[in-house]
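Report on one structure; see the data block that follows.
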Amino acid sequence: DAGVTQSPTHLIKTRGQQVTLRCSPKSGHDTVSWYQQALGQGPQFIFQYYEEEERQRGNFPDRFSGHQFPNYSSELNVNALLLGDSALYLCASSSPGQLALRRTDTQYFGPGTRLTVL
Amino acid sequence: AQSVTQPDIHITVSEGASLELRCNYSYGATPYLFWYVQSPGQGLQLLLKYFSGDTLVQGIKGFEAEFKRSQSSFNLRKPSVHWSDAAEYFCAVGASILTGGGNKLTFGTGTQLKVEL
């Protein structure tokens, strides 16, 4: 059973550029969340996608946008990159069954994409 | 707003010694609590979770955690630490669907565990 996968593993960009990160959820999961983890910090919630729509968003500017495809995979796009966007970007997936049980999701994380902005 | 505090940034223990990592949370309703572990350059692996019921939760790799509502704590414990347990540990609180929290996780800043041989 494949877990959550992310691509690419590492990425180097310069200020002002745009970047797209990709995530494939765990088999059977339909909800994808994105987190940013700066060096020495805990992950910070960016947004969550369910049924191809953004369901909830954290305190991130509009430069951060996303998309979810019919196969539940997801992309995170960041425009006009800043030095401060350098971080590990984590994708997490969760299943609908726990929603039906009216519980919070258990989120399973991928290995992350390390983004460096120069 | 929900928040998590992990008071210890670094902890060093000897292999075979017991371990307790502290976690305090702030949340207005029934919390959903998690512990994750992160090895260098890796993603997060779920150790255990608390949703309801028994306040002592067992997880993988011999870890357990106890939910204490009166102290707003969810401390992680292991009776005998192995060198392979060296990693960073994150406590997280999840919002409740019932309160419209949308299931986002709020993490603490983590505790870096070093194991001396």
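Numbers for the structure displayed
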read-out	value
Strands (runs of 3 or more DSSP E) contained entirely in the stretch A:28-114, each with at least 1 residues that are out of contact with any helix residue (DSSP H, G or I) (no Cβ under 7 Å at 6 or more places or on another chain) and at pLDDT below 95	A:31-37, A:44-50, A:53-57, A:87-94
Residue under evaluation B:C91, criteria (1) surrounded by fewer than 19 Cβ atoms within 10 Å (Cβ to Cβ); (2) facing chain A (nearest Cβ under 10 Å); (3) not in a loop (DSSP other than H, G, I, E, B), criterion not met	(1)
Those residues of the stretch B:56-98 which are touching an Asp or Glu at 6+ places or on another chain (Cβ under 6 Å) and among the hydroxyl-bearing types (S, T, Y), in sequence order	none
Considering residues of the stretch A:30-49 that are of a type in the set (F, W, Y) and more than 9 Å from chain B (Cβ to nearest Cβ) only, the residue nearest to the chain's Cα centre (by Cα)	A:W34
Residue in the stretch B:72-86 that is aliphatic (A, V, I, L, M) and free of Cβ contacts under 8 Å to residues at least 12 places away in the same chain present	no
Qualifying residue in the stretch B:100-115 (condition: of a type in the set (S, T, N, Q), within 15 Å of B:N24 (Cβ to Cβ), in a strand (DSSP E or B) and free of Cβ contacts under 8 Å to residues at least 60 places away in the same chain)	no
Selection status of B:S70, more than 20 Å from A:I46 (Cα to Cα) and either in contact with a His (Cβ under 6 Å, 6 or more places away or on another chain) or more than 10 Å from chain A (Cβ to nearest Cβ) (or both)	yes
Residues that are more than 13 Å from chain B (Cβ to nearest Cβ), surrounded by fewer than 14 Cβ atoms within 10 Å (Cβ to Cβ) and outside any loop (DSSP other than H, G, I, E, B), drawn from the stretch A:8-19	A:I12
Number of positions in the stretch A:20-29 that are away from every other protein chain (no Cβ under 14 Å) and over 11 Å from the mean Cα position of the chain (by Cα)	2
Answer from B:T111, B:T99 - the residue that is more than 9 Å from chain A (Cβ to nearest Cβ) and at pLDDT below 95	B:T99
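So that you can scan it fast, the table gives a plain yes or no per residue for (1) surrounded by fewer than 13 Cβ atoms within 10 Å (Cβ to Cβ); (2) at positive phi; (3) under 13 Å from the mean Cα position of the chain (by Cα); (4) assigned to a loop (DSSP other than H, G, I, E, B):
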| position | (1), (2), (3), (4) |
| --- | --- |
| B:F34 | no, no, yes, no |
| B:V37 | no, no, yes, no |
| B:Q42 | no, no, no, yes |
| B:Q45 | no, no, yes, no |
| B:V57 | no, no, yes, no |
| B:A65 | no, no, yes, no |
| B:S70 | yes, no, no, no |
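The values are calculated or read from the model by the stated rules, or taken from the named source; none is laboratory data. None of the values given here were measured: they were computed from a predicted structure. In this analysis, Cβ positions are derived from the backbone assuming ideal geometry, glycine residues included, and neighbour counts consider all displayed protein chains.
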